[in-house]
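Engineer: For reference, the structure I am asking about is given below.
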Amino acid sequence: MHRIAILGGTTFDHIVHLNELPKPTPHTIHVAPFHEATGSTGAGKALSLAKLGMPIKLYSVLGNDSYGMAIVEHLRQENIDFTFDFDPSGTERHFNIMDSEGGRISMFVTQSSENPPISLQAVSSIVDWADVIVINIISYCKHLTEMVASTGKPVWTDLHDYDGVSSYHEPFIKASRFIHLSSDNLPDYRPTMQRFIDEGKELVVCTHGKQGATALTSSYEWFEQDAIFEYPLVDSNGAGDCFFSAFLAGYLKDYSIRKCLRMGAIAGALATSSLQLTSENLSALLLENEYDRLFTKE
């Protein structure tokens with residue numbers, strides 16, 4: 001089974017749920033259900049891939065503070081192999097406001113340092129152990145892009161809401177052979193996907209939230225997948241990372257691109273039924289059973 005290194009991305013999130021996002025006028029909200037959870041894209045991918053039975057190791061930075069220790073304890077409880085360095089800026093924290101339709105306003109209360117102390121020997125050991133590397137678009141991970149690219153191993157990245165021109169994303173694009181992104185800032189996403197393939201990428205996957213996802217292969221074959229609305233919406237945080245993880249797990253099992261997209265859609269939908277980054281019930285068996293239930297009758 002392929003071993004996966006995940007580099008970057010752990011936060012402590014404060015999450016408020018409202019029926020609708022606040023209007024831009026001063027007012028008081030008297031009822032605002034609230035919870036706290038481990039967040040960010042590295043934790044989301046690590047938790048979901050581990051639940052899918054994939055051997056993973058996660059590296060990140062966090063603060064030597066109560067928020068960082070809460071993340072460490074949560075990942076320990078989930079049996080995540082987690083290596084971390086302490087960031088002198090403290091643990092990155094997000095304040096997310098969620099509406100009943102899955103919409104989100106995300107505010108960075110604190111941010112990770114751009115150049116925190118990184119134990120390159122520890123990162124190198126994780127990278128050497130892995131067969132596949134996932135590098136997240138966290139600022140301090142920019143310093144790791146050349147290292148992971150030089151390994152010659154398959155490198156995956158998730159560009160999230162890339163706008164097609166941002167220079168910030170370029171080191172991650174250059175280092176990766178497999179790219180995921182969303183169309184949030186790319187209404188005309190197909191030319192960007194095709195550009196990546198023209199530049200030599202092996203696969204590009206673009207997610208569209210409730211509108212599903214699109215994939216383009218190195219042979220210029222397009223695939224489309226509708227979103228799945230089978231499960232109650234509780235919290236949409238983590239859905240994109242669960243989609244990525246299930247797609248990657250399927251790809252490493254040599255599933256077809258169409259099946260990988262469907263697996264991703266199921267895992268992403270399941271994530272929205274939980275207050276955590278991924279469904280507590282997620283497993284490889286559940287994913288296969290749901291796939292059979294939803295698609296084998298076609």
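Engineer: Which residues, taken from segment 214-233, are in a loop (DSSP other than H, G, I, E, B) and of a type outside the set (Phe, Trp, Tyr)? So that I can check it myself, show each step before the final result.
Structural biologist: Taking segment 214-233 as the starting set, the residues that turn out to be in a loop (DSSP other than H, G, I, E, B) are 218-221, 226-233.
Once the filter is applied, which keeps residues that are in a loop (DSSP other than H, G, I, E, B) and of a type outside the set (Phe, Trp, Tyr), segment 214-233 yields 218, 219, 221, 226, 227, 228, 230, 232, 233.
Engineer: Show the residue pairs that are 6+ apart or on different chains and have beta-carbon atoms under 9 Å apart, the first residue being within segment 142-158 and within 19 Å of residue 122 (Cβ to Cβ) and touching a residue at least 40 places away in the same chain (Cβ under 8 Å), the second being of a type in the set (Gly, Ala, Ser) and surrounded by 15 or more Cβ atoms within 10 Å (Cβ to Cβ).
Structural biologist: Listed pairs, sorted by first residue: 144/8; 144/175; 148/5; 148/175; 148/176.
Here is a yes/no grid of residues against (1) in contact (Cβ under 8 Å) with a residue 40 or more places away in the chain; (2) more than 19 Å from residue 107 (Cβ to Cβ); (3) among the hydrophobic types (A, V, I, L, M, F, W, C); (4) in contact with a strand residue (DSSP E or B) (Cβ under 6 Å, 6 or more places away or on another chain):
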| position | (1), (2), (3), (4) |
| --- | --- |
| 22 | yes, no, no, no |
| 32 | no, no, yes, yes |
| 48 | yes, yes, no, no |
| 66 | no, yes, no, no |
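Engineer: Would you confirm whether any residue within segment 35-57 is among the aliphatic types (A, V, I, L, M), over 21 Å from residue 274 (Cβ atoms) and out of contact with any Phe, Trp or Tyr (no Cβ under 6 Å at 6 or more places or on another chain)?
Structural biologist: Within segment 35-57, not a single residue is among the aliphatic types (A, V, I, L, M), over 21 Å from residue 274 (Cβ atoms) and out of contact with any Phe, Trp or Tyr (no Cβ under 6 Å at 6 or more places or on another chain).
Engineer: Within segment 260-275, which residues are touching a residue at least 40 places away in the same chain (Cβ under 8 Å) and either part of a loop (DSSP other than H, G, I, E, B) or of a type in the set (D, E, K, R) (or both)?
Structural biologist: Passing the criteria: 272, 273, 274, 275.
Engineer: While we're here: Listed residues 99, 128; which is more than 17 Å from residue 40 (Cα to Cα), over 18 Å from the mean Cα position of the chain (by Cα) and exposed (fewer than 15 other Cβ atoms within 10 Å of the Cβ)?
Structural biologist: 128
Engineer: Let me ask you something else. Kindly evaluate residue 112 against the criterion of being over 16 Å from the mean Cα position of the chain (by Cα), hydroxyl-bearing (Ser, Thr, Tyr) and surrounded by fewer than 20 Cβ atoms within 10 Å (Cβ to Cβ). Break it down stepwise before answering.
Structural biologist: Numbers: over 16 Å from the mean Cα position of the chain (by Cα): yes; hydroxyl-bearing (Ser, Thr, Tyr): yes; surrounded by fewer than 20 Cβ atoms within 10 Å (Cβ to Cβ): no.
Against the criterion (over 16 Å from the mean Cα position of the chain (by Cα), hydroxyl-bearing (Ser, Thr, Tyr) and surrounded by fewer than 20 Cβ atoms within 10 Å (Cβ to Cβ)), residue 112 does not qualify.
Values in this text are rule-based calculations from the coordinates and carry no lab data. All values derive from a computational prediction rather than experimental measurement. Backbone-built Cβ (ideal geometry, glycine too); neighbour counts: all protein chains shown.
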